[in-house]
Amino acid sequence: MPELPEVETVRRYLQNHLPGKSIQKIEIFLPRLIKNATPQQFAAALENKKIKSVERRGKYLFLHMDGSQSLLIHLRMTGRLTYEEENSSVLPRFSRIIFQLTQGRMLYGDVRTLGCLWLIPSVGLTGVKGCDTLGPDGTSPNFTAVYLRQKLKNNTRTIKSFLLDQTNVAGLGNIYVDEALFAAQIIPLRRCNRIGNKTTVRLHDAIVRVLEEGIMYGGTTIRDFINGSGKEGKNQHNLCVYGREGRPCPVCGTEIVYIKVAGRGTHYCPQCQK
DNA sequence: CAGGCCCTGCTT
DNA sequence: AAGCAGGGCCTG
């Protein structure tokens with residue numbers, strides 16, 4: 001559920017608090033979350049290393065370390081990354097990994113344990129499948145209407161499945177895809193190559209707008225998302241279609257429809273979106 | 001391209 | 001007790 005705006009919200013908090021602090025000790029309660037190292041290797045590579053910066057590409061978070069190896073994290077559905085300035089004696093439910101820092105601690109929590117952590121080289125490609133093949137971030141200047149038009153032109157897939165594919169645009173997930181398609185007045189089932197120039201520009205603008213709005217409001221909390229300080233986002237109040245099936249379209253009042261597209265729950269207004 | 005898998009808490 | 005939530009990867 002964390003998509004670009006949620007991951008960016010977490011990143012900003014961590015970037016404000018972590019750089020300059022060192023990881024003293026790592027406690028791993030669920031080793032299988034670490035995908036390319038044993039818990040021993042993982043701890044050995046990161047303990048006593050200083051955190052230099054926290055960066056993001058798509059939905060991936062990078063903790064760049066002062067050392068040859070850094071940390072890559074994907075929160076998937078229910079992953080949470082929080083920083084506590086003062087060590088509390090209480091550990092939040094579903095805490096899976098504790099990063100004890102020189103001041104405070106960072107917790108990786110995950111109810112459904114689908115998240116992933118990797119050790120990666122501090123420079124160059126990550127070697128992590130999916131991460132090295134990301135398309136431009138939806139919020140990046142490299143993501144232009146011209147680029148989008150080029151990608152859509154000869155593609156026969158539905159626009160929803162296209163936008164969920166991170167090699168086309170990085171950072172969109174189920175919520176923001178539905179919201180962007182509503183804002184662009186495109187029905188999720190529309191074939192990419194049946195979207196014209198003018199509509200492509202509208203879609204590009206809509207994608208950028210919903211992502212930036214999501215960041216501005218600190219992410220969308222439907223059930224699980226919390227930011228780096230453990231608080232909920234506020235963007236759920238801005239949603240027009242996601243999770244609103246059966247309720248009136250905010251523009252025309254028609255009932256929002258729920259269908260499955262590309263295996264995902266999909267929400268749209270049958271009146272506004274064509 | 002569709003469907004299964006992972007995984008657990010919450011809803012029906 | 002079954003169904004649902006879905007990101008990313010894998011298989012048929």
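Bear in mind that the values in this text are calculations on the coordinates, not laboratory data. This one's a predicted model, so the numbers in the text were calculated from it and none came from an experiment. As a convention, Cβ positions derive from the backbone with ideal geometry for all residues, glycine included, and neighbour counts pool all protein chains shown.
Quick check on this structure: which one of A:Arg93, A:Arg80 is within 16 Å of DNA strand B (Cβ to nearest atom) and assigned to a strand (DSSP E or B)?
Working: A:Arg93 fails: assigned to a strand (DSSP E or B).
After applying the criteria, what remains is A:Arg80.
Identify the residue in region A:130-165 that is assigned to a loop (DSSP other than H, G, I, E, B), within 16 Å of the chain's Cα centre (by Cα) and within 14 Å of DNA strand B (Cβ to nearest atom) and, among all such residues, is nearest to A:Met216 (Cα to Cα). Show your work before the answer.
Looking only at region A:130-165, we keep the residues that are assigned to a loop (DSSP other than H, G, I, E, B), and these are A:130-136, A:138-144, A:154-157, A:165.
The next check asks that each one be within 16 Å of the chain's Cα centre (by Cα); those that pass are A:130-136, A:138-140, A:165.
Filter again for within 14 Å of DNA strand B (Cβ to nearest atom), leaving A:130, A:165.
On the way: A:Gly130: 27, A:Asp165: 24 Å.
Here the answer is A:Asp165.
Filter region A:22-64 down to the residues that are of a type in the set (A, V, I, L, M), within 17 Å of A:Thr126 (Cα to Cα), away from DNA strand C (no atom under 16 Å from the Cβ) and buried (at least 21 other Cβ atoms within 10 Å of the Cβ) and list them by number.
A:Leu46, A:Val54, A:Leu63 - these are the residues of region A:22-64 that are of a type in the set (A, V, I, L, M), within 17 Å of A:Thr126 (Cα to Cα), away from DNA strand C (no atom under 16 Å from the Cβ) and buried (at least 21 other Cβ atoms within 10 Å of the Cβ).
Name the residue that is nearest to A:Arg76 (Cα to Cα), counting only residues in region A:203-242 that are within 16 Å of DNA strand C (Cβ to nearest atom) and free of Cβ contacts under 8 Å to residues at least 60 places away in the same chain. Can you show your working first?
As a first pass, look at region A:203-242 and keep what is within 16 Å of DNA strand C (Cβ to nearest atom): A:207, A:210-211, A:214, A:219-225, A:233, A:235-236, A:239-242.
Of the ones still in play, those that are also free of Cβ contacts under 8 Å to residues at least 60 places away in the same chain are A:210, A:221, A:236.
Values: A:Val210: 20, A:Thr221: 14, A:Gln236: 19 Å.
It comes out as A:Thr221.
For the structure I just gave you, tell me whether A:Val123 is among the aliphatic types (A, V, I, L, M), surrounded by fewer than 20 Cβ atoms within 10 Å (Cβ to Cβ) and either away from DNA strand C (no atom under 16 Å from the Cβ) or without any contact (Cβ under 8 Å) to a residue 60 or more places away in the chain (or both).
yes
Step by step: first the residues of region A:111-129, then only those that are touching a helix residue (DSSP H, G or I) at 6+ places or on another chain (Cβ under 8 Å) and in a loop (DSSP other than H, G, I, E, B), then the one that is nearest to A:Leu46 (Cα to Cα). Which residue is that?
Narrowing region A:111-129 to residues touching a helix residue (DSSP H, G or I) at 6+ places or on another chain (Cβ under 8 Å): A:113, A:115-117, A:119.
Remaining after also requiring in a loop (DSSP other than H, G, I, E, B): A:113, A:115.
Numbers: A:Thr113: 21, A:Gly115: 19 Å.
Checking each candidate, the answer is A:Gly115.
Taking A:Tyr217 as meeting all but one of (1) of a type outside the set (S, T, N, Q); (2) within 22 Å of A:Ser140 (Cα to Cα); (3) out of contact with any helix residue (DSSP H, G or I) (no Cβ under 6 Å at 6 or more places or on another chain), write down the number of the exception.
(3)
Condition (residue is crowded, with 20+ Cβ neighbours inside 10 Å, free of Cβ contacts under 8 Å to residues at least 60 places away in the same chain, within 14 Å of DNA strand C (Cβ to nearest atom) and within 19 Å of A:Arg57 (Cα to Cα)) applied to region A:138-161: is it met by at least one residue?
Within region A:138-161, not a single residue is crowded, with 20+ Cβ neighbours inside 10 Å, free of Cβ contacts under 8 Å to residues at least 60 places away in the same chain, within 14 Å of DNA strand C (Cβ to nearest atom) and within 19 Å of A:Arg57 (Cα to Cα).
Given the condition more than 17 Å from A:Thr9 (Cα to Cα) and outside any loop (DSSP other than H, G, I, E, B), answer yes or no: does some residue in region A:229-244 qualify? Break it down stepwise before answering.
Quick first cut of region A:229-244, residues more than 17 Å from A:Thr9 (Cα to Cα) only: A:239-244.
Then keep just the ones that are outside any loop (DSSP other than H, G, I, E, B); that gives none.
Within region A:229-244, not a single residue is more than 17 Å from A:Thr9 (Cα to Cα) and outside any loop (DSSP other than H, G, I, E, B).
Being in a loop (DSSP other than H, G, I, E, B) and in contact with a helix residue (DSSP H, G or I) (Cβ under 9 Å, 6 or more places away or on another chain) is the filter; apply it to region A:65-77 and report the residue that is nearest to A:Ser122 (Cα to Cα). Walk me through how you get there before you give the answer.
Applying the first criterion (in a loop (DSSP other than H, G, I, E, B)) to region A:65-77 yields A:66-68, A:75-77.
Now narrow it down to the ones that are in contact with a helix residue (DSSP H, G or I) (Cβ under 9 Å, 6 or more places away or on another chain): A:67-68, A:75.
Values: A:Gly67: 7, A:Ser68: 5, A:Leu75: 20 Å.
Among those that are in a loop (DSSP other than H, G, I, E, B) and in contact with a helix residue (DSSP H, G or I) (Cβ under 9 Å, 6 or more places away or on another chain), it is A:Ser68.
Looking only at region A:184-221, how many residues end up being more than 19 Å from the chain's Cα centre (by Cα) and within 12 Å of A:Leu152 (Cα to Cα)?
Matching residues across region A:184-221 total 12.
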